[in-house]
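Have a look at the structure below before the remarks.
The values are calculated or read from the model by the stated rules, or taken from the named source; none is laboratory data. Bear in mind that the values here come from a model prediction, so they are computed numbers and not experimental data. A quick note on method: Cβ atoms are made from the backbone with ideal geometry, for glycine too, and the neighbour counts reach across all protein chains shown. Side chains are part of the model used for accessible areas, which takes the heavy atoms of the whole protein and leaves out ligands, DNA and RNA. Shrake-Rupley method; radii C 1.70, N 1.55, O 1.52, S 1.80 Å.
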Amino acid sequence: MSCEEWKERIVLLVYEELPEEKKDELVRHTSSCTSCEEELAAFREIHARLACLPEADGPSQGISETIAREARQRRRLFPWPALLRLALASVLLVTVGIVLIHGHRQPTRALTPITWEEPKTADLHNLHEQIREFTQSKSEPLVEGSLSFYRDAYLLEQKMRNVSHQLDTF
Amino acid sequence: MSSNDDDILIQNYLSGDDRAFDDLYQRYRRRLFSWLVKCVQDRRLAEELFQETFLRIIRFLPQYKPQEKFSHLLFRVAHRLVLDAVRKNKKDRGVLSLMDVTEPAAKSESQGLEEAIQRIPKEQRAVIFLSEYAGFTFSEIARITGCSINTALGRMRYGLLNLRKILKEWEAI
């Protein structure tokens, strides 16, 4: 290993970051190399002198108070986003629930019952026509389980009942 | 003090415990301030930078992730502010006030050493201060200053060599 490579390790040795097994190797080398020995001694001396430099005490009380005040003010704001998120999530959940419930009930609520009228032959004929048109008008396939499926089934049932009732009365 | 403890204090602070922040502040108050004074050699400027560092940290804390040590984050922010301040100082005044050559013999040993440190390149100075006065390892210094560990080691070595050279010249006067 060249002196330059050994010197790269000297800093680690001085600052106690060199692994134990490499430490012994370096110490052995410095004992036989004047240049590396000098550098190690110089770095140790500077390190010791730097360590003796007086340390500043803390910042003024005013600075500490400003920071503490800011920390308290900011902290009061921190819980809000979480609470706000929770509140929004709750509102969203309730809204979705209402829409779903309302959506499922909508076919029964939205459909106006077919009012009963005195049956007439013309009416019966008309009803038959209506049913025929209704079933023919369904160009798109009815998907079981969809809202439109239940709505159409309901309407059809109502119409059939009317026809049946009117037939009974004759 | 472990970084784990710092993380607990931060979590407690964010959950509403103001005293947790006070504890965190007390842990780093002197270490950071001392390091800043050494870096800028001006107590007033050090106080400004110290306050700005903590204000930025407070604003950042809600996004803090324990993947990075709090001490690294704190000194990284402070290090950037120091570099900006040095840059601004150079721009405003041409040179750092401490770069003005004064008669070294008229100063005490510690003043002479502090002055000598101010004469070495700022990157080398930063590594020396982070190691000597903030107690970071070279891998931590690399993370804080955003360089590789080899660069951090190289800066330290050349910083110490430059320091030795300056001190030798002054001692020869």
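Quick notes
- Residues being closer than 20 Å to A:Arg44 by Cβ, charged (D, E, K, R) and open to solvent by 50 Å² or more (accessible area, probe 1.4 Å) - total across region B:124-162: 1
- Of all residues in region A:36-55 being open to solvent by 80 Å² or more (accessible area, probe 1.4 Å) and of a type in the set (D, E, K, R), the one that is farthest from the other protein chains (Cβ to nearest Cβ): A:Glu37
- Restricting the first member to region B:11-24 and to residues that are more than 7 Å from every other protein chain (Cβ to nearest Cβ), and the second to residues that are of a type outside the set (S, T, N, Q) and assigned to a helix (DSSP H, G or I), the beta-carbon pairs closer than 6 Å and six or more apart or on different chains are B:Asn12/B:Ala20; B:Ala20/B:Leu9; B:Ala20/B:Tyr13; B:Asp23/B:Leu9; B:Leu24/B:Leu9.
- Taking region B:1-80 and the helices (runs of 4 or more DSSP H) fully enclosed by it, the elements with 1 or more residues that are in contact with a His (Cβ under 9 Å, 6 or more places away or on another chain) are at B:3-14, B:18-40.
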